[in-house]
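Each reported figure results from applying straightforward, stated rules to the coordinates on display, with no laboratory input. These figures come from a predicted structure and were not determined experimentally. Reconstructed Cβ throughout: ideal geometry from the backbone, glycine too, with neighbour counts over all protein chains shown.
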Amino acid sequence: MWEGMVPRRCVLIVRMLLPYHVVADYETEEDDRILDSDTTGQMSSRSQQWDHNISAKVSEFTATFEKQILAFNIISRKRALGEFRSEEKLMIEQALLQEEKQTIMELSAEIESREKAGREAAEAKMRMAAMVQAEQARAEALAHTEMISRAPMRGNAFGTQGNGGSVGHDMARQEQGVNPDEIIHGWRNTQRDNEEPSEEFLNDENETENGETGMQDEWREVGEFDLNTRVQWALKLKGIEYEYVEEDLSNKSPLLLMLNPIHKKVPVLLHAGKSISESLVILEYIDDTWKQNPILPEDPFERAKARFWAKFEEEKFIEAIRHALLSEGEQQEKEVKQAIEALEILEGELKSKEKFFGGEKIGFVDIVLGWVTVWLGVVEEVAGIKVFDSHKFPSFNKWMENFVETPIIKDKLPSRDKLVLQFHKIRQSKRFTHK
Ligand SMILES: N[C@@H](CCC(=O)N[C@@H](CS)C(=O)NCC(=O)O)C(=O)O
């Protein structure tokens, strides 16, 4: 009813006032045509407006860009003169601060670990010194008892026998008493005497008279990674508890000189108050002393053969690799050639073996050569030489795999990365006293 009353004119107005988008669908193109056809030039079409906007934007961008180039050129000139923008300065300062912080943190961690190592070494040396002192006192007491026991011998043979027996018995008991002190180490003193260890002896921190300076860390770690490892492997294979005392080879301790006065080198094994030096000799001592898990064969001929191969490894193979690390040019080529020849011989020997030189189990010959499994690759990398080739030496390759996979060995293998660093330093310094 209401609808019928709306006048027609009103409907038209409503239609005209409808929002633009409702009718735009079919009117836009029409509009453009109308505007484009305008010859008065008063109205610009959509495409003309678009072109106009774009060129305005382009000139805006061009102006900004030119400004940036100008600023960049000025900044570059200033940078060349060492002047930086304030935010750049801030960033540089922050980066430097961060770097400094990191360096300080690393430095304090390093200092802390060195202090700890130093403290532990000093404590261990104190313990060792006390033990050596006890051993000397025991020897003195023994000599004294022997002297007394000999006195009546001149007059009374019966008395002597009785006394002698009891001394022997005491000795055995005392040896058992010292047994826990089974230690691998290097210490020194200029000579062995009967005096008590002096203050200096116990605290050698200020010692500098060795003439071996500047290589402290390198030597400490390299020392640990080769010959000492032999001894530790042997003890571990036999399940013997031991205490490991580190020696600073650039500043040898009085204890090392006392215990290994001839060679003044590590490793040294201290057992029951007695010191044993030379890694191969120590290995044999260990095998003779603790019978479980033998590392040398029982048969005399087989034992001799094992000793032969150990000597061969030392003199022909290991020695050549050591020298190759330190030499260059022709000399180095000669050493590499010798190492390869020795390796060919070892490859031939291993061909008939089950897993190791020692057969099914790791033995003397394996232990002597063992650290080469890590050293060889490191020396090759550091000295830029090639000795080992897994295709040419498949048996040796298998032996290396078997060796490093053995749990006891695996736990005591040196870190390759650390060795690479140490060997670089050693090669640069050309100081390699290892013989
Ligand atoms: N033939 C000895 C060699 C010992 C050796 O050369 N030890 C090195 C460390 S691995 C050493 O103490 N070097 C210090 C020096 O020569 O002054 C062994 O087998 O024990």
Set 274/398; 125/316; 337/398 screened for pairs whose C-alpha atoms are more than 31 Å apart: 274/398; 125/316
Computed E for residue 418/residue 89 - FRET, C-beta separation, R0 35 angstrom, nearest 0.05: 0.35
Equivalent ellipsoid dimensions for segment 225-384 as semi-axes, Å, which come from the Cα gyration tensor, largest first: 27, 23, 12
Eligible lysines near residue 57 by straight Cα distance, threshold 22 Å, same-chain separation 8 or greater: 67
Pairs beyond 26 Å (Cα-Cα), from 311/392; 334/392; 305/355: none
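So if I take the alpha carbon set of segment 240-286, get Rg, then get Rh from the Kirkwood formula, what is the Rg over Rh ratio? Mind dumping the intermediate values first?
Working: Rg = 10.5 Å, Rh = 11.2 Å.
Checking Rg against Rh, the ratio lands at 0.94.
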Selected from 111, 70, 86, residue furthest toward positive end of dipole (segment 42-134; charges at beta carbon): 70
Cα radius of gyration and Dmax for segment 300-429 (Å): 14.6, 45
Long pairs among 238/410; 116/252; 291/353, criterion Cα-Cα beyond 20 Å: 291/353
